[in-house]
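These notes concern the structure reproduced below.
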Amino acid sequence: MSIKSIVKALLGIKRKEDLSMRGLLRCWHRRLGPYFYKKKYTPDDVVAAMQRAGMKQGSTILIQSSWGEFYNCTGTPQQLIEAILCALGPEGTLCMAAMPVALHGKPFDVVNTPTRAGWLAECFRRYPGVKRSINVRHSVCAIGPKADYLLGKHHLGETAWDEKSPYYKLSLVDGLCFGLGLGAYWIGTIGHCVDSLLRRKVQYFTDLWDAEPTCYDYIDYDGQQKHYYNYSMPKSGPKMRIPSYFKQRHIANKYLHRRYQQVSNLQICCFEAKEVVDVLTALGRKGINTNLLPLKRGYKFEVNNQQQ
């Protein structure tokens, strides 16, 4: 048994969870939550809370979630998806992160490869009419009038989160990023846009990335195997990411306008995509971010007098 497995066992973290503060809190919430939170709620209650946080007819939203935190919900994932789509209306667009499960020895199949982004995301991936972006590391699923715009060029960017990614494009269409059951300060994958936008501009961020792009194979919608090139960012930090959690919490509290709601035990966190990208990029230029490696010693950043 590895040291990592032993630490997880001592802290009560499930094997499939990250060895991080978020993984620790998630597991303990699931263990102790049912003793403190017993109030049941419906998918409509979740939608009402999301509307209080800013979602409305015609909105474009991205959801990342942990279905394990929905233990007091009386509805199914399909019912929640349908309730959200009804609230968004025909002009609204619903997106969910759909990072693919790694199938060793097999290429990513944009139609059939499951997602490891949670059960709600997997149910959404299978939902009629949903489309998926081509990206082996950080695919996104979407349905609605903006789906093609958000997803269409994901594999043509240099990274999974640059200007051609759905994550960045959300900031151009006044999108909202929701975390359902992921904690009170969940900023989400959109935070990686900073690493991509500053990759060629600030040496610290340059050093986070591989020097050469990686070739990724995938099976397209037409059933043909193809490939694309993307730069990878393997140096995001050590496996135990507890300090990263507190850094993200500090940034969310001090620099961003967090829209928070709670339904029974379910924590619902919402941020404006444009604010996240603009503010975090300005902070990144000053050396303020949630990355842990490489260490910032020896790098030059802008003078950190005030938020830009």
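Could you calculate the contour length gain from Lys296 to Tyr229, that is, 0.36 nm times the residue separation minus the distance between their Cα atoms, to one decimal place in nm? Don't skip to the end; give the middle numbers.
Values: separation 67, 0.36 × 67 = 24.12 nm, distance 2.84 nm.
Roughly 21.3 nm would be gained on extension.
With every protein chain left in place and a probe of 1.4 Å, what is the accessible surface of Trp161, to the nearest 10 Å²?
Approximately 10 Å² for this residue.
Rounded to the nearest 0.05, what FRET efficiency do Lys38 and Arg258 give with R0 = 30 Å and r taken as the Cβ-Cβ distance? Could you check?
After rounding to 0.05, the efficiency reads 0.65.
Among Asn135, Asn253, Asn230, which one shows the highest mean-square fluctuation when the chain is modelled as a Gaussian network with alpha-carbon springs under 10 Å?
Sorting by GNM fluctuation, first place goes to Asn253.
Using the 2.2 N^0.38 Å rule of thumb for compact globular proteins, work out how segment 247-301 stacks up: its C-alpha Rg over that value, please.
Details: Rg = 13.9 Å, N = 55, 2.2 N^0.38 = 10.1 Å.
Here the Cα radius of gyration is 1.38 times the empirical estimate.
Subtract the Cα-Cα distance of Lys106 and Glu82 from 0.36 nm times their separation in residues, and report this length gain in nm to one decimal. Working shown, then result.
Numbers: separation 24, 0.36 × 24 = 8.64 nm, distance 3.25 nm.
Taking 0.36 nm per residue and subtracting the Cα distance, the gain is 5.4 nm.
Where only protein heavy atoms count, and the probe is 1.4 Å, what is the accessible area per residue for the chain in Å²? Walk me through the numbers on the way to the answer.
Details: 14950 Å² over 308 residues.
That works out to 49 Å² for each residue.
In deg cm²/dmol and to the nearest 500, what is the mean residue ellipticity at 222 nm of the chain if only DSSP H runs of at least 4 residues count, each as -39500 (n - 2.57), divided by the residue total?
On the way: 11 runs with 100 residues, N = 308.
Mean residue ellipticity at 222 nm (helix-derived): -9000 deg cm²/dmol.
Just need the relative contact order of the chain here, percent rounded to a whole number, with Cα pairs under 8 Å and 6+ apart.
Numbers: 582 pairs, mean separation 60.1, N = 308.
Taking the mean separation of contacting Cα pairs over the length of the chain, I get 20 percent.
Would you report the distance distribution of C-alpha pairs in segment 104-194 as whole percents per 5 angstrom bin, up to the bin with the largest distance?
3, 13, 23, 26, 23, 10, 3, 0
As a quick test, which of the pairs Lys247/Lys296; Lys56/Lys153; Lys131/Lys226; Lys169/Lys254 have an alpha carbon distance above 23 angstrom in this structure?
Values: Lys247/Lys296 14 Å; Lys56/Lys153 27 Å; Lys131/Lys226 18 Å; Lys169/Lys254 25 Å.
From Lys247/Lys296; Lys56/Lys153; Lys131/Lys226; Lys169/Lys254, over 23 Å: Lys56/Lys153; Lys169/Lys254.
Could you report the accessible area of Met96 in Å², rounded to 10, computed with a 1.4 Å probe on the protein chains as they sit in the structure?
0
Give the average over all directions of the projected area of the C-alpha convex hull of the chain, one decimal, in nm². Walk me through the numbers before you get to the answer.
On the way: hull surface 65.7 nm².
Dividing the Cα hull surface by four gives the mean projection, 16.4 nm².
The values are calculated or read from the model by the stated rules, or taken from the named source; none is laboratory data. Values in this document were obtained by computation on a predicted structure and should not be read as measured data. No Cβ is skipped: glycine too gets one built from the backbone with ideal geometry, and neighbour counts run over all protein chains shown. To get the accessible areas, we keep the full protein, side chains included, count just its heavy atoms, and leave off ligands, DNA and RNA. Shrake-Rupley method; radii C 1.70, N 1.55, O 1.52, S 1.80 Å.
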